[in-house]
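I have placed the structure first, in the form of structure tokens, so that the comments after it can refer back to it.
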Amino acid sequence: MARDSEYVLELLLDYGLVSQDQVDQAKTESKAVNGSIDPVDLLQKLGFLRSSDLTAMLAQHYGMEIMDLKKYEIPEEVLQALTPDIIHRYNVVPVMRHGDTLTVAMSDPSDLETLDSIRYYLGRDVEAVVADETQLKQIIEKYYPVSGGSVENLIETLGEESNEFLIESGADTSGGSTIGESEDIEEDTAPVIKLVHMLIIEAYKAKASDIHLEPMEKRYRVRYRVDGALREVDGPPKFMQSNFTSRVKIMSRLDITEKRIPQDGRIRMRVNDKDIDLRVSSIPTTHGESIVMRILDRASIQLDIPKLGFYADDLELVTGIIGMPDGIFLVTGPTGSGKTTSLYAFLNTINTVSRKIITVEDPVEYQLEGINQVQVDRHIDMTFAAALRAMLRQAPNIIMVGEIRDLETAEIAINASLTGHLVFSTLHTNDAPGAIARLVDMGVKPFLVASSVRAVMAQRLVRRICQNCKKPYTPSKYEIQLLGMSQEYLDSHQFYKGTGCDKCGKTGYKGRIGIYEIFMVSEDMAKLIFRNEPSGVIREAARRNGMRSLRDDAVRKAEAGITTLEEVIYTTLMDES
């Protein structure tokens, strides 16, 4: 029963149902078993508190009705209002329905998170009554038996010695598992292995980019990032946290005995005959190790420039830039904005037999045929700068540096561009002209920046409207005000948004597309850079010369029915401010 134990213990004392000595004894015994038994449950086991008194107190405190499930026959159609997995996960039972409102019985009325979760799943209003926990269990066992292949049944088969068994069974396949959709999973003998594999497969099928395994105080939260937004999914119970963490660390070849420092690893798998890589990051938190697995599907990377979301005018600019014989082309944006995908698409387009292309990356996310890719490894002093120096002795035509992080790397890249090489790289700045100030802040001389940088492209990813539930809509007053839209403009443009359907997971969005801001370093811009003018001055001059901002590009994609104004504002608010 999920509850705030300290708060419940205070209530019990306030209501006079237990004494301070009894509470102290329950806390002491709970600590003796490392908190595996809740102090409130121990009060009942020790005979200090009756279950009925606890239920009555909680119901009175939260203003809820008490329902005696022994004297109430639940209609068959109401019993089917919730699926067995929700029943077992949240320990609730549907008891009545009035119109669109479903009433559920639960033993802990303070667990508002459960009610919110059920409302989210059903898309309707949910109310609660309080019932005795023993009666709830009896109803659940009678009407919602656990099936043999369910997650709960797998969990029940985990014994106290499963940890050692899991480590042994996972050792041979770490970092190179091959998983089909059903047959290989069934061959695994350890339930936690099945659960981890099921989790990864479901994330892959949902087209998630990340899997987040987050230990909370009383639960183990699992979330997928789909189209840039996190959504929570059913995860294992809290008591399986250490088993789950160990299994993932074994698969990614991390040290399972080290829980004090961050670790990074990688898993290579086959899912439905497709190769996928998972970059794994583990970091210690207050309640255990938080793990993020980034899914890299080699087959899904978009290497066709027109499909990245460029309009014809921007596509013409980009084509001209990547066709230059020398100079630096920078791509800027925050983590997860699609910079690497854009760079790979550019390199793939100009990758011909007559050109030698070398990249230095940290890490090499996708392998491109015909291109020499170098992995940074700081443990052996293979830094960006060291790799870049060595690459220049390989007589390349085109160089890609994963990121310019320091003055040394920046100077080598600039010198390479000035000696006849075309250099691609990334920077973390909010907008395209801001990259100039960033390089100068690193210590690069303004005249070197002006003479070497050919163009800078800032980018973001916005969510596409789901085409299955796309509907016209009228922008809100907030959107109109923030975007500065006139009535004349609104009368001549139609905007759209998704209403939410099964195909888009009720979000109204499906897939993402890039928005771009391309800053060309013309002769006029080079003069401003040479004089070390502030970033704001350079930006204003670029806008006067025709540079389209990220918001400008996003708005015209909203006008075309590709994305929503809400997404435009959310993605570009900080850049415009």
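The values are calculated or read from the model by the stated rules, or taken from the named source; none is laboratory data. These numbers come from a predicted model, not from an experiment. A quick note on method: Cβ atoms are made from the backbone with ideal geometry, for glycine too, and the neighbour counts reach across all protein chains shown. Remember, those area values only see protein heavy atoms, side chains included, never the ligands or the DNA or RNA. Shrake-Rupley method; radii C 1.70, N 1.55, O 1.52, S 1.80 Å.
Quick notes on this structure:
- Cleavage-rule hits (GluC sites (Glu not before Pro)) in the stretch 240-320: DSSP loop, at most 15 neighbouring Cβ within 10 angstrom: Glu258
- Calculated [222 nm] ellipticity per residue, helices only, for the chain: -11500 deg cm²/dmol; basis is -39500 (n - 2.57) per DSSP H run with n ≥ 4, divided by all residues, nearest 500.
- For Ile515, the accessible area of its heavy atoms, probed at 1.4 Å with every protein chain present, is near 0 square angstrom.
- Available extension along the chain between Arg393 and Arg556 is 54.2 nm, counting 0.36 nm per residue and deducting the alpha carbon span.
- Cys466 sits with roughly 0 Å² accessible to a 1.4 Å probe, with DNA, RNA and ligands left out of the calculation.
- Near-label residues of the stretch 218-237 by backbone N, under 12 Å of a point 7 Å along Cα→Cβ of Tyr570: 226-231
- The distance between label points at Tyr143 and Arg531 comes to 7.8 nm (points 7 Å beyond Cα on the Cα→Cβ vector).
- Accessible area of Val376 (1.4 Å probe, protein heavy atoms only, ligands and nucleic acids ignored): about 10 Å².
- Of Asn351, Asn372, Ser281, farthest towards positive along the dipole that unit charges on Lys, Arg, Asp, Glu beta carbons give the stretch 267-377: Ser281
- Cα-centre dipole for the stretch 32-74 with unit charges at Cβ (Lys and Arg positive, Asp and Glu negative), debye to 20: 140 debye
- Option label - volume of the Cα convex hull per residue in Å³ computed here, alternatives [x] 202; [y] 144; [z] 211: [x]
- Extreme residue, positive dipole direction of the stretch 1-75, given options Leu12, Leu54, Pro75 (C-beta unit charges): Pro75
- One Cα centroid belongs to the stretch 68-101, the other to the stretch 525-551; the line between them spans 63 Å.
- Other-chain or far-sequence residues with amide H under 5 Å of Glu127's (modelled H): Leu102, Thr103, Val104
- Sites Ala32 and Leu482 - FRET efficiency at Förster radius 60 Å, r taken between beta-carbons, to 0.05: 0.55
- Around Arg548: net Lys/Arg minus Asp/Glu count, Cβ-Cβ under 10 Å: -2
- Close amide H pairs (under 5 Å, H built 1.01 Å from N) link Ser107 with Ala131, residues at least 5 positions away or on another chain.
- Dipole of the chain computed with +1 at Lys/Arg Cβ and -1 at Asp/Glu Cβ about the Cα centre; of Ser110, Gln44, Pro262, farthest Cα towards the positive end is Pro262.
- Accessible surface, 1.4 Å probe, highest first, among residues Glu77, Glu488, Glu411: Glu488, Glu77, Glu411
- Computed in the context of the full set of protein chains, the accessible area of the chain at 1.4 Å probe radius has 48% of its extent on carbon or sulfur.
- Once the Cβ-Cβ distance of Asp255 and Asp326 is raised to the sixth power relative to R0 = 45 Å, the FRET efficiency obtained is 0.50.
- Computed over protein heavy atoms with a 1.4 Å probe, the accessible surface of the chain works out to 49 Å² per residue.
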